[in-house]
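The structure appears below as structure tokens.
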Amino acid sequence: MGRFLGILVFLGVIYFIVKIAVRAALRPAGQRIEPSEPTQGTAQPPTPSKSYAESKAGRSDMVYDEMCKSYISEENAMKLEHGGKTHYFCGGACRQMFLNSQGSGPY
């Protein structure tokens, strides 16, 4: 069984190489397809749209969690006053990570 499978893989590789060589030979002389220029009939990549976070960044009811770099609604966010600034977090883990990074213990 192992020898049979090996022969099938070998024949598949040979088929692939021959297929590429035949396509190259049938292409008209001087015609070269550059990777950067689109060919007729190929789909173009979609234009990038705004990410979810970017689309939420402009909303007035959204706040930024600087630990996990996400936007959350202000009503669902945990709030912490630290160093004269208000910080918002998506949950207790991000709040604790922030406190640990500031050298402060939990309070």
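The values are calculated or read from the model by the stated rules, or taken from the named source; none is laboratory data. No experiment lies behind these values; they were computed from the predicted model shown. All Cβ positions, glycine included, derive from the backbone under ideal geometry; neighbour counts span all protein chains shown.
Observations, loosely collected:
- Considering (1) in contact with a His (Cβ under 9 Å, 6 or more places away or on another chain); (2) surrounded by 11 or more Cβ atoms within 10 Å (Cβ to Cβ), the lone condition that GLU81 does not fulfil carries the number (2).
- Test set (1) in a loop (DSSP other than H, G, I, E, B); (2) at pLDDT 60 or above - PRO38 fails condition number: (2)
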